[in-house]
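Here is the structure we will look at, set down as structure tokens.
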Amino acid sequence: MTTTERTEFDADAAKAILRRACAVADLEPDGIEMLRLGDHAVFRVDGGRIISRVGRGADRLASVQREVAVAWWLADQGYPAACDEPEDREGTWLVILI
């Protein structure tokens with residue numbers, strides 16, 4: 001897939017990407033709960049201990065990087081937030097927030 005190609009992005013596609021990421025991270029994907037679907041999909045994973053964001057496309061990397069920077073800033077301020085760096089997953093961006 002090239003960066004100019006688009007793939008279908010819906011709840012099922014986003015959930016499938018998250019399930020594959022959970023397998024890599026050795027997280028239990030059962031009980032994934034979608035919280036929001038719009039420009040990106042937001043899921044509750046592992047009983048709410050983890051929040052995951054699956055972005056719609058590679059062209060949104062700058063927005064994802066800003067959100068990660070805000071999460072790290074919140075953590076530095078003592079707010080209970082932390083996250084991984086965004087990962088390119090099948091032309092979409094995945095961020096895990098803990």
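A short reminder: the numbers here are calculations on the coordinates, not readings from a lab. On a predicted model such as this, the values are computed, not experimentally measured, just so you know. Neighbour counts run over all protein chains shown; Cβ positions are idealised from the backbone, glycine included.
Across the stretch 9-50, the volume of the C-alpha convex hull divided among the residues equals 63 Å³ per residue. Backbone phi angles across the stretch 19-33, fed through the Karplus curve with coefficients 6.51, -1.76 and 1.60 (θ = phi - 60°), yield HN-Hα couplings of 4, 5, 5, 4, 4, 5, 8, 6, 9, 6, x, 5, x, 4, 10 Hz in residue order; Gly and Pro are listed as x.
For the stretch 1-81, the list of GluC sites (Glu not before Pro) that fall in a loop by DSSP and count at most 12 other C-beta atoms within 10 angstrom reads Glu5, Glu8.
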